[in-house]
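So the structure is just underneath, and the comments pick up after that.
Coordinate-derived values only; no laboratory data. Since we're looking at a predicted model, the values are computed, not measured. When we count neighbours, we look across all protein chains shown, and the Cβ atoms used for this are built from the backbone with ideal geometry, even at glycine.
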Ligand SMILES: [Zn+2]
Ligand SMILES: [Zn+2]
């Protein structure tokens, strides 16, 4: 990167803010003391501003995975601004490009350019240089229509300073802790939320499994979900970005999903988009077959046993294909039923059958994998 391509204000901010945050924490610890109410405010701000990004900037504005009332949109804009990650318009522009060009040259935070590039270094390049494009409003025309988002985009810096620093300081001054509010709930919290949300672009494309697709680098991991407000189920998210959930199982840690769901129960948000089960399970089945094929390939290469493995694979695959056909038939009648808006109990019955078929596929695939793994040894014994 050339000197004149560096975004100096951003770079300076990311050098100075962590230093300031550490100094701030030390200062408060030594001279003022941590006020319990300020600690509570900090925890609140960590969640409110983080979910402003994940629930607001990401799942609502960038992906339109649900619709929200004015109040909720306002709150997202307010707390999202306080995360200091630029305006909804700019953020969504980058994010939509991330999905469109994932892992390729035009992906603004492509992991293929290195872990640290995806985490933070991409931000240090001035817009209009290198792969960092100017914001093209055509890609975010739907968002540009919203006067609140246009206002936030135009006056981002003052709004951000107000919401991220002055707001927590003013609240904390209610219990006489203006400085603690500014340094802990403001500055230190900003640094924490930055690193936590940046993990979505770095760690979530690096650590974990790929149960839904290997066409991109995104990965599922409950560990990253813990730091990223539930966005750690990133393999699922890249495969099905319109789903309002990232962790689709009820127990998977995705507080962003839980909040959206809870808000839908009291009418604050609606039209929550969910990918139908049969599509999700089909993706998982496809991935499993891919893994099976890769394993067989590897074993073929291990010389001498190609024939026995080929025979094993062939007979096993015939079984899998039969199960798959049954699954497809169930899935298409499920789709029909949904179209005809059939009763809940009928769909439920069908869903049970579908899941049973899926499990059978899983079981057979695992058996076959074991068999292939063992293959050469068994043959050698004979
Ligand atoms: Zn991603
Ligand atoms: Zn996304």
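If I take every Cα pair under 8 Å that is 6 or more residues apart in region 277-381, average their sequence separation and divide by the length, what percent do I get for the relative contact order? Show your work: numbers first, answer last.
Details: 63 pairs, mean separation 46.6, N = 105.
Here the relative contact order equals 44 percent.
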Folded to 0 to 90 degrees: helix 189-198 orientation relative to the chain principal axis, Cα | 30 degrees
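Fewest to most neighbouring Cβ within 10 Å: what's the order for 175, 8, 192, 91?
Lowest to highest Cβ neighbour count: 8, 175, 192, 91.
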Any chance you could give the angle, 0 to 90 degrees and rounded to 10, that helix 36-51 forms with the longest Cα principal axis of the chain?
-> 50 degrees
Report the residue, chosen from 222, 251, 270, that carries the largest GNM mean-square fluctuation when the chain is represented by alpha-carbon nodes joined by springs under 10 Å.
-> 251
If the chain were replaced by its equivalent ellipsoid, with semi-axes equal to the square roots of 5 times the Cα gyration tensor eigenvalues, what would those be, largest first, whole Å?
-> 45, 26, 20
Compute the whole-percent fraction of alpha carbon pairs in region 185-243 spaced more than 13 Å apart.
-> 57 percent
Please build a GNM for the chain, connecting alpha carbons under 10 Å apart, and tell me which residue among 215, 249, 150 fluctuates the most.
-> 249
Just how far, in whole angstrom, is region 1-55 from region 218-254 if you go by their alpha carbon centroids?
-> 25 Å
Which order results if 204, 199 are arranged by neighbouring Cβ count within 10 Å, fewest first?
-> 199, 204
Compactness check, region 1-109: C-alpha Rg relative to the 2.2 N^0.38 Å globular estimate gives 1.34
Whole-number value, in Å³ per residue, for the convex hull of the alpha carbons of region 277-381 is 72 Å³
Which order results if 157, 372 are arranged by neighbouring Cβ count within 10 Å, fewest first?
-> 157, 372
Nearest 10, in degrees from 0 to 90: the angle of helix 8-27 to the longest Cα principal axis of the chain is 80 degrees
Hull shadow area, averaged, region 104-202 [alpha-carbon convex hull, nm²] = 7.9 nm²
Return the single residue from 69, 345, 92 with maximal mean-square fluctuation; model: Gaussian network over the chain, springs between Cα atoms under 10 Å.
-> 345
